[in-house]
Amino acid sequence: EWGYDFAIELPPGQTFGSTSIMKALRDHYEGTKYDMTQGPASGPFGDPARFDPADNSAIFPHDYVTATQANDGGRFERAISIFRCSYSFVSQPALFHTTDNTQEKDYLNTPPAFWTAQYAPHSASYVLIFPQADHIPPSLATGSLHQVDSISQYWAHALVGNWAARFYLIAQPLVVEVRDDVDKQTRADFRDLLLRNKTPNQNELATFADAAAAAAVDRWWKLFWDLCARVKDGQRLDDRGAEKLNPTRIFYRASWLQQTGFFFNPQQGAHMNLFTNIPSQYYDLLNPRLQLALAFLAGMLFTIILLRCCCGCRAA
């Protein structure tokens, strides 16, 4: 269950490239029994984040757990693409490979590089940095966790990731579309560079990395503002060109509604106490006819008491 008997190494069943590693780094065990976008812990919209156990008495003074209770009393699965990831990378050695757009073998010399992404990989695009270059892109060398800025790659990714997390299963496909397109565009542009110049110098590599990283940050900021308009307040806007606003209502997953006691009990009828969880043995007390009879009896009792009080006052 915990993997103590796993082999130290296994032969791969297929060839792995940098994109395969990136895909693995972005994983939340989707499609397995450990899928972190499913179950009550993921909330109504499949958020895969599981925050670190801690004493939260300062936040919830009347409903808190201690650090000991949180650490020793239970545990969530740990995601591969974890919410507090600062950066991830895939190192790529110098490679010789052939192009696939010519009949003759056209060899390209790919210089050693790092595919780098700041913030959690599932909400980040990978851009290139080169050991030969005399600097790294400003978007990767600028920023602070204490203040948002529009230059750093980290904040563009983090804002998208946090906004999308609220409606994860609805918003994440929109994120993936842009994320993968940015990755694909970076690869295509890098390939074009190598086709034009099979041995780019350090200045050309640095210039390429700067431009690719800046373009990626720009795309992610546009994505953030796009998500703000498209996914919010329990709705998804699918046709922004429509003359009349007609959003798709999100509501909640049926499984989550079942887990939270949303649906009426058959014996309960169209009545529900929204503030407490009522044990099933008390459902009969919520029957509307029984409640009406009890209200009538209570009214009669109150009237009798009131009349006796009035008669007593007159006698005095």
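The values are calculated or read from the model by the stated rules, or taken from the named source; none is laboratory data. Everything numeric here is computed off the predicted structure, so don't read it as measured data. Glycine also receives a Cβ, built like all others from the backbone with ideal geometry; neighbour counts cover every protein chain displayed. The accessibility values were calculated without ligands, DNA or RNA, using every heavy atom of the protein model including side chains. Shrake-Rupley method; radii C 1.70, N 1.55, O 1.52, S 1.80 Å.
Sequence-distant contacts, meaning Cα pairs under 8 Å at least 6 residues apart, place the relative contact order of the chain at 14 percent. Between Gln291 and Phe60, the simple label model (points 7 Å from Cα in the Cβ direction) yields a spacing of 2.9 nm.
Expressed as a whole percent, the accessible surface of the chain that belongs to carbon and sulfur atoms is 58, based on a 1.4 Å probe. In the list (1) 34, 28, 17; (2) 65, 18, 14; (3) 59, 23, 20, the label attached to semi-axes √(5λ) of the Cα gyration tensor in Å as derived from the coordinates here is (3). Here the peptides 59-69, 160-170 are ranked by packing, the mean other Cβ count within 10 Å, and the order with the highest first is 160-170, 59-69. Every helix of 4 or more DSSP H residues in the chain counts as -39500 (n - 2.57), and over all residues that averages to -13000 deg cm²/dmol at 222 nm.
Counting only protein chain heavy atoms and rolling a 1.4 Å probe, the accessible areas of Arg253, Arg179, Arg219, Arg78 rank, largest first, as Arg78, Arg219, Arg253, Arg179.
Cα centroids of segment 204-248 and segment 135-193: how far apart, whole angstrom? A separation of 11 Å, based on Cα centres. Given their separation in residues at 0.36 nm each and the Cα-Cα distance between them, Thr15 and Asp181 gain 57.5 nm when the chain is fully extended. Can you tell me the 0 to 90 degree angle between the C-alpha axis of helix 153-166 and the longest principal axis of the chain, rounded to 10? That works out to roughly 30 degrees.
Taking every protein chain into account, the accessible area of the chain amounts to 67 square angstrom per residue (probe 1.4 Å).
Once the chain from Phe262 to Leu245 is taken as fully extended at 0.36 nm per residue, the excess over their C-alpha distance is 3.2 nm. Between helix 202-230 and the chain there is an angle of about 20 degrees, using the helix long axis and the longest principal axis of the Cα atoms.
In this structure, Thr32 and Asp226 have a Cβ-Cβ separation that, at R0 = 30 Å, corresponds to a calculated FRET efficiency of about 0.45.
For the pair Asp52 and Asp192, label points projected 7 Å from Cα toward Cβ lie 4.2 nm apart. One chain, two ends: Ile304 and Asn201. Fully extended at 0.36 nm per residue, the span grows by 27.0 nm beyond their Cα-Cα distance.
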